[in-house]
Every structure is written in structure tokens, then in C-alpha cells.
Amino acid sequence: MGIPSDDVVLIQEPESAGEPSVITVSCPDKTGLGCDLCRIILLFGLNIVKGDMSTDGRWCYIVFWVMGRGERATRWALLKNRLLEICPVVLMPIVVDEVAGLVQSPRVYLLKFSCYDRMGLLHDVTQVLCELELTIRRVKVSTTPDGRVLDLFFITDNKEQLHLKAREEETREKLRSVLGDSMTDCEIKVASGDMSCCVDASPLPPTVTEEMFAPELPEEESSVSPPKCSTYSSSVSGNSGLSVKVDNLLSPAHTLIQIQSEDHKGLLYDIMRTLKDYNIQLSYGRFYTSRNGICEIDLFVVQMDGRKIIDPQKQEALCFRLRIELYRPLRVSLANRGPDTELLVANPVERSGKGRPLVFYDITLALKILQVRIFLAEIGRHVIGDREWEVYRVQLEEGHELSASRNKIEEQVKKMLMGWD
């Protein structure tokens, strides 16, 4: 016995250009559901401009107003299927938590191929893999002296069909369509433990670790760690226009978190993943983006035990983390690697092990726009302090005159990642 899928996720496409589409979700609740939904919406290149969320702890009702970014057409039917997959189902007599425990980790495959290098090659490959719903978990790309590229992609298949001959051949054909006859030795097989050891992430230099992963705040508050939050009402705001307030007076049963922030790509996802990592349950929330690009968010939340957040230390920790995640959700830096220049991008990994989608896609697109070639590329995970980070390391090819300055490269990558392009 279950709920008809048409009643769980509804998508209303806009009647005219420039209007948002409306995504409605009605299903049993679970901790972190809002975060998972926002991640899928971000994966499909959509921006949430307004949202309403409510739950009684057992059943939730969520409405998102979304707008597309760029010129990519949205595959609405596929989006609906992906949203349905993460929504809990009602099965009797099995409870939702037991069903969630049956979910298995996806199988990891190694995609290995070689081809001649050209401008924008890595982005074109990344775009093909995204369109095929193949998620890049790790990658190692290197260029040989004769101009050939050897690519190693560790991927998972959202369709879970890559073990089938037809799906494997479809992947090869899509790659061949963008790489041409220069592609050779294309191989897809299940990754073993020995293979993953071959692409272990290179250790980060101590100077990079200190600079990239320090908890940076606006200049006015850089010396404050963490910001002060009183039991009843607290706020931390600075010259960035970012404000986080906690109020325990307005509601007798919930803690109110009020956030005001400049909009960026994945803003609501950054908020929801932070609440998920802190085991904070959302009872009711509203999200709105104004025309001047400022977002206002009201969240009525409780702890896992169903009580308000009364402990001042917990309030301080939550305020501090939210402010850091919204002020600097991704870390971007350019560093010297001998005579070469290395681009480093890091984003925090959820405690569930999931990372932010489309980061590598945005990095390679930004470099393609700037006509900057990639000599080496690597994706790996590093534990810094008490957090895990996904770090993208891209060594830029400077054999000839670099087509863009270092500042321009860093600025363009940041704009692409934050959706400010």
C-alpha cells in the first residue's frame, strides 16, 4: 500500500516566459528531507526564488518556486522522478526509518579513456556525464607531452544501469560524439579498492590548508569567534549584509531563526544542509528573494528531542556555522605550484557523505569561457579539523601566454559557482 506518485510530487510549469515553475512535495517527513530536495533542484540547474515548508513531524508539505539558470532546458519529468526517489514512502507494516535503512550505496565504476587535448575538453566531457546522469565521485586528468589526455573518472550511475551493455555503449557513443575519432581506449568497469588507491588525493600544502579552511567572516567580525547569541534573541550582522538572528520569545514551542543574506546559487541548500548536520528539525519555514537580490528566510525549528534550542552554546555554534556557510559557502584560491598556477576549489561535504552538485561542471565552464587550458585535474576528499571537504585541484596550462589574469580567473570561477554570472 502506498501513495500515488502523482500526489507526492507535482510540478507546474510556467504559463509564460520569465515566470517561476512551482514544485509541490507532500510526503512523510524525515530529518534532512529539505536538504535532499534542495540538492536535487540545484543539480538540475534551478534556482529557488521562494519557498514554503511545513511539517508536523510526521507529514510535510513543501512548495518551491524555481527559475532556470542559463539556457539549459530543464528535464521536468526526470526531475520529478529524482525528487520522488528521495521522498519517504508509506509502506505497511514497514515504517519509513526501516525502509531508509535498506538503501544500499551506489556501485562505483571507473571510466578510463584517452584523446587529444583541446580547449574546453574537460568541460564537454563533464557536461556529457551530467546529461547521462553519471555522478563524478573522483577524477584524475593528466596531459602527456605529445598532447594527449588520459582521463580517469570514478563515477556512479543515478539510473543504476551501467552494468548493462546498452547503457555502457550509450556512454561511449555520447563521449565519442564530443571527442571525435581522437578518443581511444575507452573502458568502463566496476572500480575495485586497488583502483581507487591509484588516484588517492594528493596531500594539501600546509599553507593552503591554513588559508582556505580558516573560518572566515566579514572584516568587522573576523576577530569574533563565535558571535554572541543570547538565550532569547541574538543577531550577528556585518558589512556583508548578512544577518542571522535567533528568537525564543515569538513561539512557545519553536526557536525562530531569521536569516537575511545576499542571494547565491544553492543558498537554501547551504542553510538546509547546515541544519541537517546539526540535527535540527524544521517545523515551518518561509523563503523569499527580493528584486534587489536579498533573501529573507524565517525558520521555526526544534531539536531532535522536539524542544527549543535553549542552550546558549548551541545557539552560538549554530549561528556561527550558518554565518560562515552563507558568507563563504565555497573556497576558491589560486596558488603557485612551482612554475605553474593551480586553481583550488573546496566545498564542505555533508555528514551523510554527499557533496554539492555541479561544482566541477561550473569550474570547467568558467575556464572554458576564459579560454584557459587545463593541464592536470584532481578531485579528492580531505578531512580538515572536524569536517570533510571535497577539494578540486586544477593545474592550468601556461605553455603560452595565459588568456586571463590570475585575478580574472579567480573572479570568474567564483561568479560561476555562486551564480553571479
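The values are calculated or read from the model by the stated rules, or taken from the named source; none is laboratory data. Worth saying up front: this structure is predicted, and the values here are computed from it rather than measured. Positions of Cβ are backbone-derived with ideal geometry, glycine not excepted, and every protein chain shown enters the neighbour counts. Ligands, DNA and RNA are stripped out before the accessible areas are found, and what is left, the full protein with its side chains, is counted by its heavy atoms. Shrake-Rupley method; radii C 1.70, N 1.55, O 1.52, S 1.80 Å.
Quick rundown of the values:
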quantity	calculated
Under Karplus coefficients 6.51, -1.76 and 1.60, residue-wise ³J(HN,Hα) of segment 342-352 in Hz, glycine/proline x	10, 8, 10, 10, 10, 9, x, 9, 4, 5, 6
Cβ-Cβ FRET estimate between R328 and R381, R0 fixed at 22 Å, reported to 0.05	0.70
Separation of the D185 and S405 label points, Cα + 7 Å toward Cβ, nm	4.1
Residue-averaged [θ]222 nm for the chain, counting only DSSP H segments that reach four residues, each worth -39500 (n - 2.57)	-8500 deg cm²/dmol
Span-like helix ranges in the chain, DSSP H, alpha carbon extent 24 angstrom or more, Kyte mean at least 0.5	none
Within the chain, longest stretch free of exposed trypsin sites (Lys or Arg not before Pro) [DSSP loop, at most 10 other beta carbons within 10 Å]	59-290
Convex hull of Cα atoms in the chain, direction-averaged projection (nm²)	22.4
Greater than 28 Å apart at Cα, pairs in K276/K414; K50/K140; K30/K308; K50/K368	K50/K140; K50/K368
Spin-label pair E133/S177, simplified geometry with 7 Å Cα→Cβ offset, distance in nm	1.6
Per residue Cα convex hull volume in Å³ - calculated over segment 100-168	94
Built amide H within the under 5 Å cut-off of T341, gap 5+	L396
Distant-in-sequence amide H partners of E388 (H built 1.01 Å from N, under 5 Å)	V349
Accessible-area ranking of F44, F153, largest first, probe 1.4 Å	F44, F153
Protein-only accessible surface order, largest first, of D305, D52, D362, D311 at 1.4 Å	D305, D311, D52, D362
3J(HN,Hα) from dihedral phi, segment 384-391, Karplus parametrisation 6.51/-1.76/1.60, rounded to Hz, x for glycine, proline	10, x, 9, 10, 9, 10, 9, 10
Distance between modelled label sites at S243 and M304, nm, 7 Å Cα→Cβ extension	3.3
Accessible area, probe 1.4 Å, largest first, for residues Y61, Y392	Y61, Y392
For segment 51-59, Karplus couplings with θ = phi - 60° (6.51, -1.76, 1.60), whole Hz, Gly/Pro x	x, 10, 9, 8, 7, 9, x, 10, 10
Residues whose placed amide H lies under 5 Å from that of W59, excluding near-sequence neighbours	D29
